[in-house]
């Protein structure tokens, strides 16, 4: 999956929760799922077909349920083609707030607290020895998943798992809208630790009520548009490089 270096450099070179089906995977297996979902949840570029082929080449080593979910997405994306996939991506992730791929949104919503939450993501990555080399916000799901795949300390995986509620809301919204992107969230959530009762309750509340609201001019970023930062913090280059 060659596009991993575009974002990071390693410092050393439905109503039921998807988590009801849990699949145990070793670290190499989880890395494959994390990186595959990171690549495929990003905006589809002209090389989408090559990326799908790279992901498919790794699926044979994964448990059947996980591999089948990712393969279903790959087949649908391949059938749609690049242009239709790009249009679907924009309609899905830019125009449906419950499909937002920014994890702090599901904790803080459109409130002033979201700026501090975004900074916290960035600081967690930096403390783990990584810094970004692109312009995405650090709470962007593909960025968080790439961090999880590259960070052998476990911090990245803990960060993703701690935001399961948001991922579950996105999965539910994608499933309801009939988007094939739901299959990527299905695969990802299968490998996360099983949800607690509190997590289940929070997911249900978020699905029914949505995130907190305190409008401060924070629109969800569109593809190709400047990414808003409520604290006006300049993005550190995204990716992981030696510090």
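What's the exposure ranking of 127, 122, going from fewest to most Cβ atoms within 10 Å?
The order, fewest Cβ neighbours first, is 127, 122.
Between residue 123 and residue 79, what FRET efficiency follows from the Cβ-Cβ distance if R0 is 35 Å, with the result rounded to 0.05?
0.25
Cut-off is 10 Å between beta-carbons; in what order do 93, 147 appear when sorted fewest neighbours first?
In increasing order of surrounding Cβ atoms, one gets 93, 147.
Any read-out appearing in this document is the output of simple, stated calculations on the displayed coordinates, not a laboratory observation. These figures come from a predicted structure and were not determined experimentally. Neighbour counts are summed over all protein chains in view; Cβ atoms, including those assigned to glycine, are modelled from backbone coordinates with ideal geometry.
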